[in-house]
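> Shown below is the structure under consideration.
The values are calculated or read from the model by the stated rules, or taken from the named source; none is laboratory data. What you see is a predicted model, and the numbers here were worked out from it, not measured in a lab. In this analysis, Cβ positions are derived from the backbone assuming ideal geometry, glycine residues included, and neighbour counts consider all displayed protein chains. Heavy atoms of the whole protein, side chains included, go into the accessibility calculation; ligands, DNA and RNA do not. Shrake-Rupley method; radii C 1.70, N 1.55, O 1.52, S 1.80 Å.
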Amino acid sequence: MNRQDDLAAEGEPEKEFNPGIAARLPRKTVAGGALIRDEAGRILFLEPTYKPTLDIPGGIAEYDESPYDACCREVKEEIGLDLEIGRLLVVDWVPVLGVWTDALAFVFDGGTLDDHHLSALTPDPTEVRTHHFLTLPEATPNLRPSMTRRLTLALQALTHPTPTYANFGRPTFS
């Protein structure tokens, strides 16, 4: 089935029990990122043009877009590769910080790039200043602490059959 068939199967949308309540409910930002590695196991980090810290490929989901679809779209936009994005590794809740709402950050397995993919990698200059393949310890001085924690969990999840749920990079279940 496709998305339209799934929506049709849900039936008529329920009516608001209190008119206007849906518009007053809180909104969360949702993002999807890809943990992409080279054959040496180093992580692909981007230097965004719009913020001072390193990031992994991915970004914020648009209206009515899933975190997985956002991840796939952003990877293609940011690094020019149409990769087959794999399974979910981490879901991390991020609290309100400054002007930013709280968010759910999904990290998916972006796989390992071979020489063919490496030669085709073309960062979008409007979003990406440059890119690096780094170990997590090498990247840590240029990451927010919560991102270091989240990526540590993502690396660990590569060898576990189930994804990890975290609050601000700290696992909730052991």
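> Just need the relative contact order of segment 50-174 here, percent rounded to a whole number, with Cα pairs under 8 Å and 6+ apart.
RCO, segment 50-174: 26 percent.
> Among PRO19, PRO57, PRO67, which one shows the highest mean-square fluctuation when the chain is modelled as a Gaussian network with alpha-carbon springs under 10 Å?
Evaluated over the chain, the most mobile residue of the options is PRO19.
> Taking only C-alpha pairs under 8 Å that are 6+ residues apart, what is the relative contact order of segment 25-87 in percent?
Result for segment 25-87 is 30 percent.
> Something else now. Treating the beta-carbon of each Lys and Arg as +1 and of each Asp and Glu as -1, no other charges, what is the dipole magnitude of the chain about its Cα centre, to the nearest 20 debye?
With only Lys, Arg, Asp and Glu charged at Cβ, the dipole is about 900 debye.
> Over 20 Å apart: what share of the alpha carbon pairs of segment 1-157 falls there, rounded to a whole percent?
The proportion of pairs with Cα distances above 20 Å equals 55 percent.
> Using helices alone, what [θ] at 222 nm do you get for the chain, with -39,500 (n - 2.57) per DSSP H run of 4 or more residues, divided over all residues and rounded to the nearest 500?
-7500 deg cm²/dmol
> Taking the alpha-carbon distance from LYS15 and a cut-off under 30 Å, which lysines remain once sequence neighbours fewer than 8 residues away in the same chain are dropped?
In chain and number order, the partners are LYS28.
> Just to confirm my numbers, what's the Cα centroid distance between segment 135-150 and segment 1-80 in Å?
Taking the Cα centre of each part, segment 135-150 and segment 1-80 sit 22 Å apart.
> Still on this structure: Within segment 1-89, which chymotrypsin sites (Phe, Trp or Tyr not before Pro) sit in a loop by DSSP and count at most 11 neighbouring Cβ atoms inside 10 Å?
In loop regions of segment 1-89 (DSSP not H, G, I, E or B), the sparsely surrounded chymotrypsin sites (Phe, Trp or Tyr not before Pro) are PHE17, TYR50, TYR63.
> Determine the per residue accessible area of segment 17-174 with all protein chains present and a 1.4 angstrom probe, expressed in square angstrom.
That works out to 57 Å² for each residue.
> Out of the total accessible area of segment 1-100 (probe 1.4 Å, heavy atoms of protein only), what percent is carbon and sulfur?
56 percent
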